[in-house]
Structure formats: C-alpha cells, structure tokens
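Data block below; observations after.
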Amino acid sequence: MVIENVTCPACGLLCDDLTIETATDSAKDKLSVVKNGCHKSVVFFSRSASPTSPRVDGKPATMAQAITRSGEILRQAQMPLLGALATEVQGMRAVMSLADKAGATVDHMNSNNFMRNVQVVQNSGWQTTTLTEVRNRVDLLLVIGTDIVSTFPRFFERQIWNGETMFGQDTSKREIVYLGGDPDTTAGVAPDGRKPDVLPCAIVQLPEVIAVLRALVLGKRVVAHEVAGIAVADLEKLAARLKAARYSVVTWAAATLDFEHAELTVQNIVELVKTLNSTTRSSGLPLGGMDGEMNANQVATWTSGYPMRSSYARSWPEHDAYHLSTDVLLQSGETDALLWVSTFNPDAPPPVTQTPTIAIGHPQMKLQREPEVFIPVSVPGIDHQGIAFRMDNVVSLPLYQLRESTLPRLGEVLGEIEKTLKTN
Amino acid sequence: MLIKLTGGRVYDPAHGIDGKVMDIYARDGRIVAKPKDTERIDQEYQLAGKVVMAGAIDMHTHIGGGKVNIARMMLPEDHRGDPVGHSELCRAGCGHAAPSTLTTGYRYAEMGYTAGFEPAVLPMNARQAHLEMGDVPIIDKGGYAMLGSDDMLLRMLAAKKDQNAINDYVAWTLHASQAMGIKVVNPGGISAFKFNQRMLDLDENNSYYQVTPREVLKTLARAVYELGVPHPLHIHGNNLGVPGNVETTLNTMLGAEGYPIHLTHIQFHSYGTEGDRKFSSGAARIAEAINQRKNVSADVGQILFGQTVTASGDNMAQFRNHAAGSPKKWVVMDIECDAGCGVVPFKYKDKNFVNALQWAIGLEIFLLVEDPWRIFLTTDHPNGAPFTSYPHLIRLLMDKTFRKEAFSRISPDAQAMSTLGSIEREYTLYEIAIMTRAGAAKLVGLHDRGHLGAGAAADITVYTDDADREKMFTKPDHVFKDGQLVVKDGSVVKVTWGATHVVKPEFDRGIEKDIAKYFDAYHTVRMEHVKVTDQHIADDGRGHVQVHECKGRREKTT
Ligand SMILES: [Zn+2]
C-alpha cells in the first residue's frame, strides 16, 4: 500500500509530504520512502522495529513483571530522573503525569543544546519566525555556525529554492551568507549556480565574531581590522546587507554552538535581530526540534509552567537550568533512579551509570549496559499515531500509523507504572 | 442521579429571576423541572440564605496556545512566587500571570467559573491551543479562530472574490480550527508589519494587498453573520494602546455597517489625546456609542495593578510597545503567513499616570455602558491582570465606597483626568449574573449554559452572601459542573474534564480543492494536517467536542 502526505519526525523540519510504501507479505514491517525522502527519513522509515521482550535484570520478563519492577525502583528512589524523553505529545503527557506522581525530575537528551535558547528567552526574549514565513519572505539568509543540511536535509529545497512564493519573489535571487565554522555550502548554491558568501572561522571564535557584527549593526565603531581571521570590513558589508534586506532571516543551530556560555552568543544573535527591526524586518530562526525536544518542552511548560530541567521533588514543580541537568544529577549521584525514554530510534541508549536504570523505548535499543529494566514500546509516527511539534515551536503535525505493532505505546506503559505509585 | 438545591436565592437573568428563593433540580448533569413527589432525591443541598447562579463563563481569556506557552516559558520568576503542590486529587503546577494549564482549570472552578474561551486560536496553531485546553481540567473550553492577516483571506479580498467564497473559507477555518467563533486582530495589520509597516489605521492600505482594515472587518463581520455563527465577529481593533485610538474604535463601530460585532478589551482602544500628557479617557464617548448601537457589544479588558504578562496576536502593537514592558524581555514572532504573536511582561503601577488612567478608563466603561447584556467582565487574562483578580474587580463594580477609596490612591494626575470619582453606579448581583453568565452564554452562542432553566447543563455556583463582594466571589460554597460537585468551600473535591464547544456551519466543500492547491504551492504543511480532529481534542479521555447550532445560512445581504 502507498500512503501519501506522511509526516516525518526524523528531524525538526517535520516534512509532511512524504510518500511511504508499506509492508509486502514477505517483509511485514518493511516501509520504504518512495517520494520526498532524504537521508534521514530513509533511515527512519526503513528501520526494522520487530518486537522484543521486556527484560528485568537482563532476563526476559512479562510486561507485568517489568512494570512492577519499574514501580519498585521509582518508589525506592528519593530523586528519580525521567531522562531523554524522546517521544511525541501524548507520550510526553504521560511522562509529566508520572513525574508529578513520582516526585521526579524531567530532562531531555538534547537539553545541553536547546537550553542555550531557552535561557535567552527567559532572560531577554527574541524575535523569530516560522518555516512558511521563511519560504515566502526571506531575501537574505545568514547561517551561523552550521551547514543546516547535515541535520535538516531538506531545508534549502523547501524553504529557500522553492519555486513559487506568495508574494511573487524570484527565489533564485535569494542571498545566502554562511558565517562561522567550515561548512559544506553546496546546498546554498543558487539554482543558476551563483555561490553563497562564506565567512569561515573556528566555531569557538563565534562569540567574538558575533559580538563585532552586533556592534556594527548598532552603528558602533570597531577599531580592530580583523576578528577570528575575518576582516572587519567584510563584517561591515554584512551588517550593511542585513540593514538593506527587507526580510532577513538569521539562523543558528544551538547544537553546533558547542562552547562555554553559548547562550550569550545566541543572545547576541537575537539582539542583533531585534536591532535590525527598528528600521527593517528581520527574524531569528532557531534550528532544532530533534528527538522530540519541542514536544518535551511544550508539554512540560504548559503542564508545570517550566521547560525541561524541572523537578517535582518537593511536590510542586521547580526549575533550574544548571542543577537539574542529566549530567549533573548523574555525576553527583544525586539521582538514585533513571527512567530513560527513547522511542524514535535505537541509537540513544541510556548513559552507562551505576544508577538503577529503567530503559523504555525502541525495541532494538543499542544498550551499552543491560539496565535493571528494559521495556520495548512501539515507534511513534510508524507504529502508532501521535502529535509532534516542529522546530519553530508553533506548528504541530499529526504522526501516522503505517503498520501494526504488537508493542504498547509509551503512554500505556507509563500509565501502568504510575498506577503502582502513590502520591507522596 | 437526582439532586436538589433547596431554598437558595437564585439569580437567573435568562429567565428574569432576580433573587427569588426557589429550589433547583438536576438529573444526570442537566437541570430539570420539579420532579414528581414520589421520586427519590439522591442528594439534597440546603441553601437557605445562599446565592445561587449558573456557573460563570469567561468569554475572553488566554488559556491555551503558543503565545500563552511562550509566556509561561518566559516567566520562571513569576511561577516561583506561586508554586502549587499536588494533592490526593489535583496535580501540581503553578499560578499567577501565566499559570500552568492544570492550575488554570482548578482555579477557575474554585472561583465558580465553569467555562473559558481562548480568543486567539491561530489556525496554524489551533492543535496546540486545543492540546493545552485539553489539559485544563473541569471547565468547558472553546476558542475563536483568528483571521484577517492571513494571506489567504487578504489575497481573496485583493482579488475581489465574492462574499460567498469568503464565507466558505471562513466556515472551513471554523471547522479546521474547531472554533466557536472568528476573531480578527489588528485587521490586516499583522500582515502589514511583515511588510515593515508600523501602524495601520482603519482606512490605510496594507501596502502589499492594497486592502484596508475596514474592508477586512466588514467582510468578516458579514461572513460570520451570513454563516449563522452565533458569536459576532470578535474584534481586536487597530491601534491598540495608541493615544487617540478612540476615533479608530468609534469608526470601527460605524464600519460594521450594522452587522453584529464584539469589540474586545475595549479599554485598550478608548484613549484620547487631551491634557498636558496627550493621553486622556475616551470612555464616555465609547460608552455612549455602545449605548446607541445595539449591534455592538464589548468586553472591557480591565487592567489591575501588579505584575502580569501581555500575550497578543498583535505583533505590530507588541513590537511598538515592548519598551514599556517590565521586566525587560519580550518575544515577537511572525507566524506562517497566517498570523503573529507578541509576548511582553508588564507591571501596571497605580502611581504611573498612564497605568492609573487605563485602570480608571476601564472602570468608567463598565459603569457608563447601560446594558449589562452587551458589556462583559474581563481583564483579557493575563493582559490586563490574571483572571484570579476577578473577585476584586467585581467588588470595584459593586461597591462605590471601595472604588472611590481605590481611586483616591492612584496617580493624582490621572484622578484629575477621570470622572470615575463622581460615578455613583453600583452593579447589582443580577447585573453581575448577566455579565458573567446569561449574557456571556448568549454572546458566545452556548444555548445550554449560563442559565438555570430546565434542559440547561447543571453548571451551578453557590455563594455565601457577603457585603465584601471580593470575599464572596473568591470562594464559592459549592460549584457543580454538569451536575457533579467539583468544588466545596472553595476547594476542588472532584476533577472532571469539560467539553470543547465548537460550531460547524455548512459550506461548499468544493473550496477545499482550492485551499489544498494553495497549501501545496506556498505552505510548508499539507492542508489536511491543519485540521484539528475530534481525536486530537478528546484523546486520553479529556472531554469531548460539543457542536452548537448555526442557524443556517442567513439571507444573503448582497
Ligand atoms: Zn485577548
């Protein structure tokens, strides 16, 4: 059977125009992408998820035994952590309900990345846009510290070199500038062969470069002639182009800004955008949304008032972007039970730790250490329906069921575990 | 299950009942006429001396959707001041300006409210709005879908498409967004901001489409009317917060050309330019116009002093006003060539001239509009103040001594610019019941809510009469939701999940072919995926969708 307009949760773009061919008799759970695929979606949809059995202490167990044992571990813990949280919206609702009941902390596997953005929103805010706006309005795209396409393969195809726009723009005239890193810029080459502009520098030097660019946009005089190997004159030209553009989009991926206090660089990026808006239009576009991170943050925020790195240890939710991180909690030994949720793919197993671990997720999860409990669940967007939020934090899309699975959904498993707990 | 509420003093304006001592019966969630004497009463509540009203309805409150969640994410410091621990019954959360969804539901119910309507459901974000409202327990919910800066409507207007085609598109949007009405925010202006326009007056063209806000307003008001949608077009006008915008607002009323319209948070649109500071009250003129024009209703959007956060679809206005915000942080977004949003925290101060006068203007409007069926009690939660301040606001309306005392404490310059100190009117319980129950239900189009007649849902609130109206309305004795006792002595005793109210007017489905083609060409999602299904709303046992009647297509008004 061929199913059209399927949503793909393999990256934060959540393209919803895929055509998927489902099961032949010989290969019951085999799916293949026949239209609008990319290297990520092909891997995601063609991966097998044949059911495996729950395990307790490495031995095959019934679901009931695995749930009972999970409940015991959580009941005995003083400071349980629900980590990874790669799931869709309904699964995340179950996570938050369990966290409340268990007095647990919640954190996502990508928090080290996206907390750089969250902290900026909490501290000074930002001015941003969404994918359809980009597709129809952008005239100058400034790409900071990433090539975009190795993580978001169809970005240029769908947002930049699209044929038609609502407002009659000639998209082939769109200008692309890469700033920072040493990115593969092939995707930024216009259909007529026009090359993008590239201002390379080491990623760790982006803080200086962005600070200078912001100063120039603000009209400040910069004495230096060069910063991180980039001529200040070139940054001046860039500042002038940003001011002259009618709808520039400044994009970055928090994941690649992997240096100390990268949130300050994100802040400089978005403050620069705010300044541009005093005379023209410009918008930030934070690239992210991997592994259900938007789902985790959105649901946690409406349920508890806080994004990731929040805790119900004291019965009411509390939030701390530093102390409630998975790394800190595991390394300090403060956490005495880890429930790890990773439903989309087998590639994100729990960290190897002495902490008693319950791993719930993809049936083929590539475990590096046998956890105390393993519970396989079905894959959202393949084995069951769901809802997911796109990287721009606005658009949510329905995920499809494309084949039958005998495995339960995450929400069902967490609901059963929750029943074994009492409110304390 | 048959329950009897015995001997309470009943205020049921839908039936003209003004403080009559009477019994009310409810069976299986619905109010019923007095049963036969032979029937067994399962539960009786002795309410002698108590005040009985239908459950209150907040017809404009930002409780769900992207911008509300941005406000939550932005304000950890605000949540820290109001933590809410879990109990045997209720889950944890947080309160104040942008409360968690769970706390929102509990606190509304604890205040005697049984329904709330999210007024700014962006079609491209409608699923999120419903997901969040799905996690608001106990109360009923619904939303108004936002149109008027979306490319589709503006291009239809630019192409001079006929009204029938527009009506079909509006109806399609109501279906797709699962909405109860249509709202327009800064008509055409959110789009204009994306083309770098910073103001858009009623007769000014959007620079790209060459369409004016007046055309947008009239076309949408007419569409809503012709589709038979009970709730009139819900209008957040142009020039929010701009001194002198009283003229725009008065012209907006005229521009409706007699079609029913609802002007929301009208306080923010009632400013003159008199006085030394070129900022004055336009309340008297606005009230007079509402008194004269029976096609117009309004809610006030009262501000109250203290910290809150403004969350609006009007990114043009929010960008313009962000410098006045506190603390200094703000989010402005362009959204999907469909709409926008802006979130700016605000701290309103009674000694600040502008804030104090805003406060006085809101109260002036409440007190000068004569017909309580056409003026509604809102703070535009959380924009003017959090909804938890409603009991305080009710006391300001019902108790002139209290009000005058409060007035004497605001900025003296603002006092000098306001007539509030000389207004003697005090709202009665009957009038409060109109504003917050019967009138609100009628305005929204909820035929079975907001009243206590046979057939209505048994959403009932019981108060202890108290001269201190703030105390009285803060903590009802009993709240029944669909006949179940959910609140006792001001605390939740049972958690239920309310309905989501929607309308689904008839339309020519042929338009879907055009919309689908349009989405394929220009958007980044498929048309089918914009539609919110009943399952998205009711999944995991969180309530259900209740469809309200549209009285069919009305006569074309050509
Ligand atoms: Zn509002």
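Observations, loosely collected:
- Applying the set (1) more than 16 Å from the ligand (Cβ to nearest atom); (2) open to solvent by 20 Å² or more (accessible area, probe 1.4 Å) to residue B:321 leaves exactly one unmet item: (1).
- When every residue of segment A:23-35 is checked against the conditions, at least one turns out to be within 20 Å of residue B:529 (Cα to Cα) and crowded, with 19+ Cβ neighbours inside 10 Å.
- For segment A:54-80, the tally of residues that are of a type outside the set (Lys, Arg) and open to solvent by 50 Å² or more (accessible area, probe 1.4 Å) stands at 10.
- Segment B:287-312, residues that are within 15 Å of the ligand (Cβ to nearest atom) and out of contact with any helix residue (DSSP H, G or I) (no Cβ under 8 Å at 6 or more places or on another chain): B:308
- Residue among A:394, A:377 that is within 17 Å of the chain's Cα centre (by Cα) and hydrophobic (A, V, I, L, M, F, W, C): A:394
- Just one of (1) touching an Asp or Glu at 6+ places or on another chain (Cβ under 9 Å); (2) at pLDDT 95 or above; (3) more than 23 Å from residue B:377 (Cα to Cα) fails for residue B:497. It is (1).
- All told, residue A:152 falls short of being more than 9 Å from chain B (Cβ to nearest Cβ) and under 30 Å from residue B:326 (Cα atoms).
- Of the listed requirements (1) away from chain A (no Cβ under 14 Å); (2) more than 16 Å from the ligand (Cβ to nearest atom), residue B:94 misses just one: (1).
- Residue pairs whose Cβ atoms lie under 7 Å apart, separated by 6 or more positions or on different chains, with the first residue in segment A:294-317 and at the interface with chain B (Cβ under 7 Å from one of its Cβ atoms) and the second among the charged types (D, E, K, R), are A:301/B:72; A:302/B:72; A:302/B:132; A:302/B:135; A:303/B:135; A:305/B:72; A:312/A:100.
- Matching entry among A:327, A:320, A:336 (being within 21 Å of the chain's Cα centre (by Cα), over 18 Å from residue B:84 (Cα atoms) and surrounded by fewer than 18 Cβ atoms within 10 Å (Cβ to Cβ)): A:327
- Test for residue B:445: is it closer than 29 Å to residue B:234 by Cα and either within 16 Å of the ligand (Cβ to nearest atom) or crowded, with 24+ Cβ neighbours inside 10 Å (or both): no
- Residues in segment B:54-103 that are under 16 Å from the mean Cα position of the chain (by Cα) and under 30 Å from residue B:455 (Cβ atoms): 9 in all.
- From A:203, A:176, residue being more than 14 Å from chain B (Cβ to nearest Cβ), under 30 Å from residue B:152 (Cα atoms), hydrophobic (A, V, I, L, M, F, W, C) and surrounded by 13 or more Cβ atoms within 10 Å (Cβ to Cβ): A:176
- Among the residues of segment A:122-144, those identified as assigned to a helix (DSSP H, G or I) and open to solvent by 10 Å² or more (accessible area, probe 1.4 Å) are A:122, A:123, A:135, A:137.
For every residue, the table says whether it meets (1) polar (S, T, N, Q); (2) within 11 Å of chain A (Cβ to nearest Cβ); (3) within 30 Å of residue B:231 (Cβ to Cβ).
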| site | (1), (2), (3) |
| --- | --- |
| B:273 | yes, no, no |
| B:282 | no, no, yes |
| B:300 | no, no, yes |
| B:319 | no, yes, yes |
| B:358 | yes, no, yes |
| B:361 | no, no, yes |
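- With respect to the conditions (1) open to solvent by 30 Å² or more (accessible area, probe 1.4 Å); (2) farther than 28 Å from residue B:192 by Cβ, residue A:279 lacks only one, and its number is (2).
- Residue B:106, sole failed condition from (1) hydroxyl-bearing (Ser, Thr, Tyr); (2) under 26 Å from the mean Cα position of the chain (by Cα); (3) in a loop (DSSP other than H, G, I, E, B); (4) more than 16 Å from the ligand (Cβ to nearest atom): (3)
- Matching entry among A:357, A:343, A:335 (being without any contact (Cβ under 8 Å) to a residue 24 or more places away in the chain and farther than 30 Å from residue A:283 by Cα): A:357
- With respect to the conditions (1) open to solvent by 10 Å² or more (accessible area, probe 1.4 Å); (2) not in a helix (DSSP H, G or I), residue A:94 falls short on a single one, namely (2).
- Search result, residues across segment B:216-240 that are more than 16 Å from the ligand (Cβ to nearest atom) and on the phi > 0 side of the Ramachandran plot: B:228
- Contact annotation: no residue pair with Cβ atoms under 6 Å, 6 or more positions apart or on different chains, pairs a residue in segment B:523-552 that is within 14 Å of another protein chain (Cβ to nearest Cβ) and farther than 28 Å from residue B:137 by Cβ with a partner that is surrounded by fewer than 18 Cβ atoms within 10 Å (Cβ to Cβ) and acidic (Asp, Glu).
- Here residue B:419 fulfils each of the conditions (1) closer than 18 Å to residue B:390 by Cα; (2) over 21 Å from the mean Cα position of the chain (by Cα); (3) touching a residue at least 40 places away in the same chain (Cβ under 8 Å) apart from (1).
- Failed condition for residue B:132, given (1) more than 9 Å from every other protein chain (Cβ to nearest Cβ); (2) open to solvent by less than 10 Å² (accessible area, probe 1.4 Å): (1)
- Listing of helices (runs of 4 or more DSSP H) fully contained in segment B:378-437 that carry 2 or more residues being under 27 Å from residue B:243 (Cα atoms): B:390-398, B:400-407, B:412-416
- Any hit, segment B:295-312, residues being more than 27 Å from residue B:406 (Cβ to Cβ), at pLDDT 95 or above and open to solvent by 10 Å² or more (accessible area, probe 1.4 Å): yes
- Segment B:69-91: number of residues that are open to solvent by 10 Å² or more (accessible area, probe 1.4 Å), facing chain A (nearest Cβ under 7 Å) and aliphatic (A, V, I, L, M): 2
- Just one of the listed residues (B:49, B:66) is within 9 Å of another protein chain (Cβ to nearest Cβ) and not basic (Lys, Arg), namely B:66.
- For residue B:241, the conditions (1) in a loop (DSSP other than H, G, I, E, B); (2) under 24 Å from residue B:334 (Cβ atoms); (3) more than 24 Å from the chain's Cα centre (by Cα) are fulfilled apart from (3).
- Single residue of segment A:318-336 satisfying the filter (within 11 Å of chain B (Cβ to nearest Cβ) and acidic (Asp, Glu)) that is nearest to residue A:107 (Cα to Cα): A:320
The values are calculated or read from the model by the stated rules, or taken from the named source; none is laboratory data. What you see is a predicted model; the values in this text were computed from it and never measured. Note that each Cβ is placed from the backbone with ideal geometry, even for glycine, and that neighbours are counted across all protein chains shown. In case anyone asks, the SASA skips ligands and DNA or RNA and just uses the protein heavy atoms, side chains included. Shrake-Rupley method; radii C 1.70, N 1.55, O 1.52, S 1.80 Å.
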